[in-house]
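Novice: Can you keep this structure in mind? I'll have questions shortly.
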Amino acid sequence: MQQKITDDLDALLGVLPPAIRQKLEEIDRGSELIEIILDLGRRPEARFTDTDLELLEREVTEEDIRYVVDRIGEFTEDNRAGIARTLHRISAIRNRQGKIVGLTCRVGRAVYGTIDIIEDIITSGRSILLLGRPGVGKTTLLREAARVLADQKKRVVIVDTSNEIGGDGDIPHPAIGRARRMQVRTPSLQHEVMIEAVENHMPEVIIIDEIGRALEAEAARTIAERGVQLIGTAHGRTLSNLLLNPTLSDLVGGVESVTLSDEEARRRGTQKSVLERRAPPTFDVLIEIVDRQHLVVHHDVGKAVDALLRDRPLRPETRYRGEDGRIIVEQGEVPRLEESAEQERRGRREPTREFDRSYRRGQPDSGTSTRVMRVYCYGVGQNRLRAAAQNLGVPLEITQDLHKAEVVITLKNYYRKRPQPIIEAEDRNIPVYVLRSNTVRQMEILLADIFVLNVATVDPFSQAMEETRQAVEKVLAGAPVVELSPQPPQIRRQQHRLAREANLISHSYGREPNRRVRVYRE
């Protein structure tokens, strides 16, 4: 698709003082104009893509600033205002008494067709984080992504904190197409509007600009875990920069310090205390915007973060637009991390009674273990389900279209409420599986059951270690004591080791062959 640019520049020039407007019209470089700077007591400036120019010989006066303020919308708590039904943004600088002493008038442009360089990723259904420095074009890509997805008949809701995506005023700019827009009364409430969008308007896709606070990062994780595709932006240059940001690192899984066993430390060739990824990433894909025509794509954020933390080289995919306008893709490589024998054995585990399974009007056919199974999730963490499928090595595709699904997976508390997708799935004779909890462990057990994996070769050691890890998590979360299943002495020694590494106390009780370990705090 050929790019088409709409900037409504006349509307912005119309609110500027006549002398400044006349000078800009004389320069006649509207397509390259980025913003106009009006600071009290200084000469007005225009910033273009390649240079900055002073517009007048005289200084900006209070009358000049008042002229602009009287012709635009009201300033919100983040000191931003706009012009109705345009994408322009006017930001204010105030003195200590709250009086406006400076204005930044940024030109807002809708660039139709700019998303073609990553359209295959945007339409894949995966959650995507766009990362880049201010002014590099993140919001432009976000706006076009909303339009493209909405035109594909998807339910798209934009959480528009500063009216920068959909424009100022109650009627959104045509650049967002059929997407719906929710305005945010005050920036500090952005996270609440994000959750409200999911709960009230049943979106398939949520668009959010400038995730910058911890509460917004938590809301983003909640949205992604509810099975909604999330496309957002954040300030930063590279994935490694984002990992160092304590507020936003949770978007890519977060970082925590862990203590390795002597054997594992020797195997890795590292110290015993290392940094590890704390949780599955909120976003499946991360795109670094180098400039408007040059992007770096990390298709598997989890593996990319793990590689960075282990000082492994990253070879992400690079996409750029050539001089002839053709899109060039230089294929990258998903990082491959060496895994210990214990981690490899952890791939298949025996189902336990924790799994609460429910077949509703139909069974998956027996051929599912040899082909990709399309799964519709309702309330189930998609990132965790993908991790479970990867651990087991089973072919699974998460679909957002219930009509294409072969299996539906949900949680017990959602199933009890009988939501419309569950009712429709049962009416269509699509098997519905119900999980007790939203954990990778439960999902692995479920997938092993669906794909009829051979559980005769289950490794008792791996199963016991997993039970110990879960017990450690429960005690760290506040449980006074957790008792494990009876195990032989060699396995109990390893269970004690895991408890010690978590700074917990463990003792063995009972007589053989029923001797078992209890884990608790001091």
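Novice: Taking residue 115 and the conditions (1) in contact with a Gly (Cβ under 8 Å, 6 or more places away or on another chain); (2) assigned by TED's automatic domain parsing to the domain that holds residue 186, which numbered condition does it fall short on, given that it satisfies the others?
Specialist: Condition not satisfied by residue 115: (1).
Novice: Shifting gears a bit: For the stretch 281-290, which positions are under 21 Å from residue 256 (Cβ atoms) and out of contact with any Lys or Arg (no Cβ under 6 Å at 6 or more places or on another chain)?
Specialist: Residues satisfying the conditions are 281, 283, 286.
Novice: So, in the stretch 199-208, exactly how many residues are in contact with a strand residue (DSSP E or B) (Cβ under 7 Å, 6 or more places away or on another chain) and either surrounded by fewer than 21 Cβ atoms within 10 Å (Cβ to Cβ) or at pLDDT below 90 (or both)?
Specialist: The total comes to 2.
Novice: Residue by residue through the stretch 458-497, note down the ones that are at pLDDT below 80 and of a type in the set (S, T, N, Q).
Specialist: Correct list: 462, 463.
Novice: Could you tell me whether the stretch 18-31 includes any residue that is farther than 13 Å from residue 68 by Cβ, among the hydroxyl-bearing types (Ser, Thr, Tyr), in a loop (DSSP other than H, G, I, E, B) and assigned by TED's automatic domain parsing to the domain that holds residue 63?
Specialist: no
Novice: Of all residues in the stretch 62-78, which are surrounded by fewer than 16 Cβ atoms within 10 Å (Cβ to Cβ), under 36 Å from the mean Cα position of the chain (by Cα) and without any contact (Cβ under 8 Å) to a residue 60 or more places away in the chain?
Specialist: Selection gives 74 alone.
Novice: Of the residues 429, 503, only one is outside the structural domain of residue 385 (by TED's automatic domain parsing) and at positive phi; which?
Specialist: Details: 429 fails: outside the structural domain of residue 385 (by TED's automatic domain parsing).
When all the criteria are applied, what remains is 503.
Novice: With surrounded by fewer than 15 Cβ atoms within 10 Å (Cβ to Cβ) and either aliphatic (A, V, I, L, M) or within 30 Å of residue 250 (Cα to Cα) (or both) as the only criterion, which of 473, 467 stands out?
Specialist: Testing whether each residue is surrounded by fewer than 15 Cβ atoms within 10 Å (Cβ to Cβ) and either aliphatic (A, V, I, L, M) or within 30 Å of residue 250 (Cα to Cα) (or both) leaves just 473.
Novice: Take the stretch 158-171 and flag every residue that is touching an Asp or Glu at 6+ places or on another chain (Cβ under 9 Å) and more than 16 Å from residue 8 (Cα to Cα).
Specialist: Passing the criteria: 158, 159, 160, 161, 162.
Novice: Here's another thing I want to ask about it. Answer yes or no: is there a residue in the stretch 281-288 that is out of contact with any strand residue (DSSP E or B) (no Cβ under 6 Å at 6 or more places or on another chain) and over 27 Å from residue 119 (Cβ atoms). Break it down into steps so the answer makes sense when it comes.
Specialist: First, pick out the residues of the stretch 281-288 that are out of contact with any strand residue (DSSP E or B) (no Cβ under 6 Å at 6 or more places or on another chain): 281-282, 284.
In the following step, the residues that additionally are over 27 Å from residue 119 (Cβ atoms) were identified as none.
No.
Novice: Mind checking which pairs have a first residue in the stretch 415-439 that is farther than 28 Å from residue 469 by Cβ and a second that is surrounded by 15 or more Cβ atoms within 10 Å (Cβ to Cβ) and of a type in the set (Gly, Ala, Ser), Cβ under 7 Å, 6 or more apart or different chains?
Specialist: 429/362; 430/362; 430/405; 431/362; 432/425
Novice: Related question: I need every pair where a residue in the stretch 464-480 that is farther than 10 Å from residue 495 by Cα has its Cβ under 8 Å from the Cβ of a residue that is among the basic types (Lys, Arg) and part of a loop (DSSP other than H, G, I, E, B), sequence separation at least 6 or different chains.
Specialist: Correct list of pairs: 475/521; 480/521.
Novice: Looking only at residues in the stretch 4-18 that are loosely packed, with under 13 Cβ neighbours inside 10 Å and over 18 Å from residue 50 (Cβ atoms), which one is farthest from the chain's Cα centre (by Cα)?
Specialist: Here the answer is 18.
Novice: Taking strands (runs of 3 or more DSSP E) that fall entirely within the stretch 180-279, which contain at least 3 residues that are under 30 Å from residue 497 (Cβ atoms), among the hydroxyl-bearing types (Ser, Thr, Tyr) and in contact with a His (Cβ under 9 Å, 6 or more places away or on another chain)?
Specialist: Counting at least 3 such residues, we get no strands (runs of 3 or more DSSP E) at all.
Novice: Taking residue 59 as meeting all but one of (1) touching a residue at least 60 places away in the same chain (Cβ under 8 Å); (2) charged (D, E, K, R); (3) touching a Gly at 6+ places or on another chain (Cβ under 6 Å), write down the number of the exception.
Specialist: Result: residue 59 fails condition (1) only.
The values are calculated or read from the model by the stated rules, or taken from the named source; none is laboratory data. If you're wondering where the values come from, they're calculated on a predicted model, not measured in any experiment. Note that we place each Cβ from the backbone using ideal geometry, even for glycine, and neighbour counts take in every protein chain shown.
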